[in-house]
Amino acid sequence: MALVNENFLKLPGNYLFSDIAKKVNAFKVTHPKDKVINLGIGDVTRPLPKAACDAMHRAVDEMSKAETFRGYGPEQGYPFLTDAIIKHDYASRGISLEPNEIFINDGAKSDTGNIGDMLRHDNSVGVTDPIYPVYIDSNVMAGRAGVLENGKWSNIVYIPCTAENDFTPELPSRRIDILYLCFPNNPTGTTLTKDALKMWVNYALTNDVLILYDAAYERYIRDPDIPHSIYEIRGAKKVAIEFRSFSKTAGFTGIRCGYTVVPKELNEFTLTDAKVPLNQLWNRRQCTKFNGTSYIAQRGAEAVFTPEGAVQVQEQIDYYMTNAQILKNGLLSCGLNVFGGDNAPYIWMQTPNRTKSWKLFDRLLYETAIVGTPGVGFGPSGEGYFRFTAFGNRENTEEAVYRLKKWF
Ligand SMILES: *Cc1c(COP(=O)(O)O)cnc(C)c1O
């Protein structure tokens, strides 16, 4: 008899987005004439940049001939892509990384979820709250989260990011071993200043905390003073792993390609205080459990860094960020408290009169046929907030603003 990992049974029944999909489907069945506008799920809608498409076509052609066919590639990714990443994403910002500090993957969700393979089950975990649900749920599966009490896991330290503290997380009073940070943030769309990030890196250096830094939205940063990488902060290579993705950057949500940076200077410890370089552990983990990202996807990702690719990606980002401004200005003109949207494709709105997030969700769905995401779905501090995404098309975004203005 096989016994199951009972930690899975601790997870609350449904995934946020499947609950939303059920409600939306019920609405569509009962209101077939209403045009539903989805500003809920965080998926891109613009087609792939042409440079990436052309590169992937060429890669398919190579695969079709015996002389240029490729089978398994390096588990860590092809050097053509790691070299392009080092040059364009890091060296250009004064950060030096070596090729074997970069691990190409099939997207940031996989690695943010799998990274815990390297870490003991009894570390305590800190998250900013609200947050991308993968961080907590993957720790629940690993038995690291404790028990769920009043919407919070007993071994997770929730660090609130709300309008009250200007969405800037404050140092926790409880000890943590592992800290997840995501900036620009999903769901709040807010960022950290260099000084705020410096405070966290210094805290991690002083207290031996491992920072897991999710920078999936770094391309959306417009303010020149906001750090794109945690390694812009001195000492960060000793304490932080960084995750990035081509998904939101270049429309790769369906292609699948991202990468994880595990610096060689980063060590953690055994119970007997022996130092262990995480780069070696992660390499071992990947070689055992991962057989590399598709060659075709990696050629597509490489093309994102060509001069044409860079221009096309910038056009996509500008398109979404124009949507963000349209949404944000529309909501502000209704007198609502609205955050984010300046350096991220998410708009985070305080619900009017502190209505519960799910209640606002139902009302917006039934009274305006607009779908957003209830803030509480991202954690307890998200109650009383609502998320809109800028990933829709322009016409729908404008139509949504028109409907919302009438409604509010
Ligand atoms: C979308 C997203 C990712 C990227 O996911 P992929 O697996 O690369 O598509 C990572 N982190 C956050 C916070 C996200 O919103």
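Spelling out what I want: for every residue of the range 337-352, take phi, set θ = phi - 60°, compute 6.51 cos²θ - 1.76 cosθ + 1.60 (Karplus), and round to whole Hz; glycine and proline get x.
8, 10, 10, x, x, 8, 10, 6, x, 10, 10, 10, 10, 6, 5, x
When a/c reaches 1.5 or more, the comparison of a/b and b/c decides; with that in mind, is the range 94-252 rounded, prolate or oblate per its Cα gyration tensor?
rounded
At T168 and T272, where each label point lies 7 Å from the Cα along Cα→Cβ, what is the point-to-point distance in nanometres?
Each label point is offset 7 Å from its Cα along the Cβ direction, giving 4.5 nm.
Just P160, P130, P172 to compare: in a GNM of the chain, with alpha carbon springs under 10 Å, which one fluctuates most?
Result for the chain, Cα springs under 10 Å: P172 fluctuates most.
Residue separation times 0.36 nm, minus the C-alpha to C-alpha distance between D223 and R120: what's the value?
That pair, D223 and R120, stretches by 33.3 nm at full extension.
Determine, for E232, E302, E149, the number of other Cβ atoms within 10 Å of each Cβ, and report the residues in order from fewest to most.
Going from least to most buried by this count: E149, E232, E302.
Give me the lysines in straight-line cross-link reach of K248: C-alpha distance below 17 Å, same-chain residues under 8 apart excluded.
Correct list for K248: K50, K109.
Per 0.36 nm of contour for each residue apart, how much would the distance between N202 and A21 grow if the chain were fully extended, relative to their Cα-Cα spacing? Let's see the in-between values first.
On the way: separation 181, 0.36 × 181 = 65.16 nm, distance 4.18 nm.
Fully extending the segment from N202 to A21 adds 61.0 nm.
What is the range 259-360's relative contact order, in percent, from Cα pairs under 8 angstrom and six or more apart in sequence?
Computed value for the range 259-360: 12 percent relative contact order.
In nanometres, what is the gap between the two model label sites at V60 and E395, each 7 Å from Cα along Cα-to-Cβ?
Those two pseudo-labels are separated by 2.7 nm.
Using only DSSP helix segments of four residues or longer, with each worth -39500 (n - 2.57), what per-residue ellipticity at 222 nm results for the chain after dividing by its residue count and rounding to 500?
-11000 deg cm²/dmol
Can you sort V29, V201, V36, V371 by how many other beta carbons sit within 10 Å, fewest first? Please report the intermediate quantities before stating the final value.
Numbers: V29 8, V201 24, V36 16, V371 21.
In increasing order of surrounding Cβ atoms, one gets V29, V36, V371, V201.
Using a Förster distance of 25 angstrom, determine the FRET efficiency expected from the C-beta separation of T355 and D43, and round it to 0.05.
Details: r = 26 Å, r/R0 = 1.05.
Approximately 0.45, to the nearest 0.05.
Highest mean first, what order results for 343-351, 60-68 on Cβ atoms within 10 Å?
On the way: 343-351: 25.1, 60-68: 9.8.
The packing order, highest mean first, is 343-351, 60-68.
How high is the FRET efficiency from E98 to K33, r the C-beta distance, R0 51 Å, rounded to 0.05?
0.30
Which of Y90, Y213 has the fewest other C-beta atoms within 10 Å, and how do the rest follow up to the most? It would help to have the intermediate numbers written out before the result.
On the way: Y90 20, Y213 25.
Arranged by neighbour count, lowest to highest, Y90, Y213 become Y90, Y213.
Explain nothing, just compute: Karplus ³J(HN,Hα) = 6.51 cos²θ - 1.76 cosθ + 1.60, θ = phi - 60°, for every residue of the range 277-284 in order, whole Hz, x for Gly and Pro.
Karplus-based 3J(HN,Hα) across the range 277-284 equals x, 5, 4, 5, 5, 5, 4, 5 Hz.
Applying 1/(1 + (r/R0)^6) with R0 = 35 Å to the Cβ-Cβ distance of N5 and S294, what FRET efficiency is obtained, to the nearest 0.05?
Efficiency, rounded to the nearest 0.05: 0.75.
Relative contact order for the chain using alpha-carbon pairs under 8 Å, separation at least 6, rounded to a whole percent?
23 percent
Which of the aspartates and glutamates could be linked to K406 by a straight reach, that is with a Cα gap under 15 Å, when you skip same-chain ones fewer than 8 residues away?
E367, E398
Let me know the shape class of the range 336-405, please: from the alpha-carbon gyration tensor, a ≥ b ≥ c as square roots of the eigenvalues, rounded when a/c is under 1.5, otherwise prolate if a/b is greater than b/c, or oblate.
Taking the square roots of the gyration eigenvalues as a ≥ b ≥ c, the range 336-405 is oblate.
Give me the lysines in straight-line cross-link reach of K23: C-alpha distance below 18 Å, same-chain residues under 8 apart excluded.
K33, K35, K356, K359
Where a number appears in this text, it was derived from the coordinates with a stated rule and is not lab data. If you're wondering where the values come from, they're calculated on a predicted model, not measured in any experiment. Cβ sites come from the backbone with ideal geometry, for glycine too, and all protein chains shown count toward neighbours.
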